[in-house]
Amino acid sequence: MSSGHSTKQITDVAIKRMKPESYLSDAGQYVGLRVERGKKGRWSFVYRYRSPIDNKLKGYTFGSYPEMKLTEARQEFEKLRSRRDSGICLATERKRDRLDRKILESTRMEQETVSEITVRTVIEFYLSDYIEDKNLPNGRLKAGARKPQGQREVRNLLLGSENRVLRRDGRDNSPMLLQLLGDVPMMSLGHKDVLSAVLSVVDRGANVSAGNMLREFTAAVDYSIGELLPDDFVNPCYQAKGVLSRRRIRLTSTRGNRVLNDTELRKLLQWLPGSLYTPTQKNVIRFTLMTGCRTGEVVGAEWRDVDLDNAVWFLRDTKTNTPRNVQLSSQAVSFLQHLRLNTGEYLFPSQKTGRPIQQKTLTEQAWHMRKNGKFLDIESWTPHDLRRSVRTGLARLGCPNEIGEAVLGHSKGGIEGVYNLHKYEAEARGWLQIWNDHLDMLLER
């Protein structure tokens, strides 16, 4: 944790301005209350105190920001301080509770011998005990290692969901990871089993998904060693990774450079309405072209963040964790006004669940259309290429670089990022209007 910190009274503004690996210490009435921001950007409330048992300085983490509000943290802090003043060492008590839970867990696991523990058991343990939020015995909610969206993505990667690009094999339409590994006992799982599951995804051209799946499964097995699995258990995922490396099979994406020119954009706009994309997927692609946002940001949009009167969409969850206002052209406003009549809480919901559709269903549907010869007959492209095409198209139209970067929500770097704090929102709106007028013109040709 960085040594840079403040000893003034903590405020919400100060918390939000914290840099990763830093902390704030409260003053006055709340001396001992601290907010720490970790390497990955997550905030935690910590009570720093002298143990009444050994007089050593202790740290007791009791909540995450912003899930726990600052006012709630101060109230909880007062309760904790009162308990400490009564002679209780909070950290020691927590260790004792954890030991008690491990003993109970050990008793439960006696009914299921190590030889019977399957891949599914290991994955569920990793998800429920580490990745996902869970309720503690004291009734409080302990935040998982990932944010809600990340929790869903990891569960989808390992156990599958409606997101068939990760869980289904395109040839027989059957569950992929669970079919190959789910019921395999961990003690008999070999690196060839892991390799077979990974290559099943690679064979579909989803190398990044295969890499994500292997990374999370490796972590799941590591997390279970010493808990569900013996201390000397050898994780077969590492040997599988070695084989992949020797075969020079990449599980990462390459830097994209695909840009759709005006001719291709016109073909796309003409083809899209009659394509085999679902109506919701078509809307995601259209809105992506209108705004230049990432499809991963678009699919999660909620109506509570859309202000049609002022033509602004407040984008909460961004790749850079920096919320921003997305300016809406007149075409985008008209599009959303029509969309509002047919949707509920979310702009782009799944017809099955009512929740936002998964970003990767776009890739899955494109894969099926290509396989069946129903895809747009131009050079291969991905949904993210649309964002790059918007940025390049703006440049072709004469949009200044700083405004084009603002449209995409890219942060300014170097000295400019320190001294130029102008957000170019009005300018971005003007150029997005020019861009959308240009798209309309392409259709009229």
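The values are calculated or read from the model by the stated rules, or taken from the named source; none is laboratory data. Quick caveat: nothing in here was measured; it's all calculated off a predicted structure. Counting neighbours? That spans all protein chains shown, and the Cβs are built from the backbone with ideal geometry, glycine included. What goes into the accessible areas is simple: the full protein's heavy atoms, side chains included, and nothing from ligands, DNA or RNA. Shrake-Rupley method; radii C 1.70, N 1.55, O 1.52, S 1.80 Å.
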Considering amide H positions built from the backbone, and no H for Pro or chain starts, which residues 5 or more places from GLY144, or on another chain, come under 5 Å of its amide H? ASP133, LYS134
By how many degrees, 0 to 90 and rounded to 10, does the Cα axis of helix 262-271 deviate from the longest principal axis of the chain? 80
Amide H contacts of GLY32 (H built 1.01 Å from N, under 5 Å, at least 5 apart or other chain): ASP26
Cα gyration tensor shape of the range 305-445, rounded if a/c is under 1.5, else prolate or oblate by comparing a/b with b/c: prolate
Local charge sum around THR61 (other residues, Cβ-Cβ under 10 Å, Lys/Arg +1, Asp/Glu -1)? +2
Using only Cα atoms and rounding to the nearest 10 degrees, what angle (0 to 90) does helix 383-396 make with the longest principal axis of the chain? 60
With Kirkwood radius over Cα pairs in Å as the read-out, I listed [x] 25.3; [y] 22.5; [z] 23.4; which label goes with the value calculated from this structure? [x]
Between LEU189 and residues 5 or more places away or on another chain, the pairs with built amide H atoms under 5 Å apart involve none
How many angstrom separate the Cα center of the range 278-323 from the Cα center of the range 385-445? 16
Percent of accessible area on the range 316-373 owned by carbon and sulfur, 1.4 Å probe? 46
Before I look further, what does the range 3-61 give for accessible area per residue, probe 1.4 Å, in whole square angstrom? 60
Over the chain, what relative contact order in percent results from Cα pairs under 8 Å that are six or more residues apart? 10
With Cα atoms, 0 to 90° folded angle of helix 236-246 axis to the chain main axis: 40
